[in-house]
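S.K.: Just dropping this structure here.
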Amino acid sequence: MLCNVYFLHYEYFPFTVKIGVFYLIFYACLVGWFAGLLHAFYSTLDDVAPKYYGVNSLLQDNPAIGVRPMPLFDSTLIRYTSGRRSSYQPYIDHLEAFFKTYAPTPNLPMCNESSPVSETEGCNFDIDGYLKSAGCDRSTDYGFKENKPCVVLKMNKLYGFEPIPYDSEADIKADLNSDEKFRYYSFAPGNVGVSCDGQNAVDAMYLRDITFFPTNGYDKKFFPYLNQVGYRSPIILAKFEDIEKGSTVQVRCMLWAKNIDSTDGKEKRGTVHFEFYIGQE
């Protein structure tokens, strides 16, 4: 017993102290080295602009387009039963949550011709006015109550992107591929256009009318996006006025500008696909 006490006091304890000091210094140096690397890495980043953008980025200076409502991240099907509010309630909830992100930001001007987006700050959307003008307000459950569902077409943010617009509808139609259509669209010369139609001939037959608001496309005043304070992506409301019931209707929407690639290829850049199925009770 005395030998054990002697060993603990004169040999074991000093050894543990030495090991503890060694690892303390070792991990302190390791943390310092890691912190130095992080500092060197963050010193190369800009608080406003991404390190790589434009043609040097993965997006290749080609914006994408998103659609709402889309409450299920793994499905692009908008499916509900005519006259049954519970079947389309998830779409209403998703739209209302999305519109909340467009609530006014204090001290920012309204988005209009007299107050375009500046290099430092964005502008406020009159989202209630948008919905009312498009016939997509809450009184109609965003069109679902009337079987004229409204969807939001949101042009995604892409830092530094400046569109090169088409000069006329004829110029767009001259660039159409054989399987592309330009029947229902929102466009004006100088702005980015957007069109929606059936994915194929049968879908186009079942998709008989679409109205848009605003009707002049994505206004050039929203570009370029430079990480401005309060900036919100421009949106267009598409109201599907007459969809065949009891059939799945595939929809394709495309962006139109001379420097936007909307070819329906593997990456589907500048294009969005979704489907409707309106059941009957």
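S.K.: Exactly one condition in (1) open to solvent by 40 Å² or more (accessible area, probe 1.4 Å); (2) assigned to a strand (DSSP E or B); (3) touching a residue at least 60 places away in the same chain (Cβ under 8 Å) is not met by residue 236; state its number.
M.R.: (1)
S.K.: What are the residue pairs meeting all of these: first residue in segment 79-101, first residue part of a strand (DSSP E or B), second residue surrounded by fewer than 12 Cβ atoms within 10 Å (Cβ to Cβ), Cβ atoms under 7 Å, and 6 or more apart or on different chains?
M.R.: 81/281
S.K.: Quick check on my filter: what residues within segment 117-141 are assigned to a loop (DSSP other than H, G, I, E, B), touching a residue at least 60 places away in the same chain (Cβ under 8 Å) and within 16 Å of residue 213 (Cα to Cα)?
M.R.: Kept after step one, since they are assigned to a loop (DSSP other than H, G, I, E, B), are these residues of segment 117-141: 117-120, 122-123, 125-126, 135-137, 141.
Checking the rest, the ones that are also touching a residue at least 60 places away in the same chain (Cβ under 8 Å) come to 117-120, 122-123, 125, 135-136.
Matches in segment 117-141: 125, 135, 136.
S.K.: For segment 147-166, indicate whether the set of residues that are of a type in the set (D, E, K, R), surrounded by fewer than 21 Cβ atoms within 10 Å (Cβ to Cβ), farther than 22 Å from residue 62 by Cβ and without any contact (Cβ under 8 Å) to a residue 60 or more places away in the chain is non-empty.
M.R.: In the first step, residues of segment 147-166 are kept if they are of a type in the set (D, E, K, R); the result is 148, 154, 157, 162.
Retained after the next criterion (residues that are surrounded by fewer than 21 Cβ atoms within 10 Å (Cβ to Cβ)): 148, 154, 157, 162.
Among the residues that remain, those that are also farther than 22 Å from residue 62 by Cβ are: 148.
Checking which are without any contact (Cβ under 8 Å) to a residue 60 or more places away in the chain leaves us with none.
Checked segment 147-166: no residue is of a type in the set (D, E, K, R), surrounded by fewer than 21 Cβ atoms within 10 Å (Cβ to Cβ), farther than 22 Å from residue 62 by Cβ and without any contact (Cβ under 8 Å) to a residue 60 or more places away in the chain.
S.K.: How many residues, within segment 193-229, are of a type in the set (Val, Ile, Thr), surrounded by fewer than 20 Cβ atoms within 10 Å (Cβ to Cβ) and under 25 Å from residue 259 (Cβ atoms)?
M.R.: Residues of segment 193-229 that are of a type in the set (Val, Ile, Thr), as a first pass: 194, 202, 210-211, 215, 229.
Subset that is surrounded by fewer than 20 Cβ atoms within 10 Å (Cβ to Cβ): 202, 211, 215, 229.
Still in the list and also under 25 Å from residue 259 (Cβ atoms): 215.
Residues meeting the conditions: 1.
S.K.: Further, regarding this structure: Test residue 63 against the stated conditions and say whether it is at pLDDT 85 or above and in a loop (DSSP other than H, G, I, E, B). It would help to see each step written out before you state the result.
M.R.: Numbers: at pLDDT 85 or above: yes; in a loop (DSSP other than H, G, I, E, B): yes.
Answer is yes for this residue.
S.K.: Within segment 91-146, which residues are open to solvent by 60 Å² or more (accessible area, probe 1.4 Å), at pLDDT 90 or above and either aliphatic (A, V, I, L, M) or under 30 Å from residue 279 (Cβ atoms) (or both)?
M.R.: Selection gives 93, 96, 100, 132, 133, 138, 139, 145, 146.
S.K.: Name the residues in segment 248-281 that are assigned to a loop (DSSP other than H, G, I, E, B) and open to solvent by 30 Å² or more (accessible area, probe 1.4 Å), would you? If you could, list the steps in order and put the result at the bottom.
M.R.: Taking segment 248-281 and keeping what is assigned to a loop (DSSP other than H, G, I, E, B), we get 257-270, 280-281.
Matches in segment 248-281: 258, 259, 261, 263, 264, 265, 266, 267, 268, 269, 280, 281.
S.K.: Can you report the number of residues in segment 167-192 which are within 22 Å of residue 202 (Cβ to Cβ), open to solvent by less than 60 Å² (accessible area, probe 1.4 Å) and not basic (Lys, Arg)?
M.R.: 4
S.K.: Tell me, yes or no, whether segment 226-240 has at least one residue that is in contact with a strand residue (DSSP E or B) (Cβ under 7 Å, 6 or more places away or on another chain), within 24 Å of residue 88 (Cβ to Cβ) and of a type in the set (Gly, Ala, Ser).
M.R.: Among the residues of segment 226-240, at least one is in contact with a strand residue (DSSP E or B) (Cβ under 7 Å, 6 or more places away or on another chain), within 24 Å of residue 88 (Cβ to Cβ) and of a type in the set (Gly, Ala, Ser), which makes the answer yes.
The values are calculated or read from the model by the stated rules, or taken from the named source; none is laboratory data. None of the values given here were measured: they were computed from a predicted structure. Quick reminder, even Gly has a Cβ in these numbers, built from the backbone with ideal geometry, and neighbours come from all protein chains shown. These area figures cover heavy atoms from the full protein model, side chains too; ligands, DNA and RNA do not enter into them. Shrake-Rupley method; radii C 1.70, N 1.55, O 1.52, S 1.80 Å.
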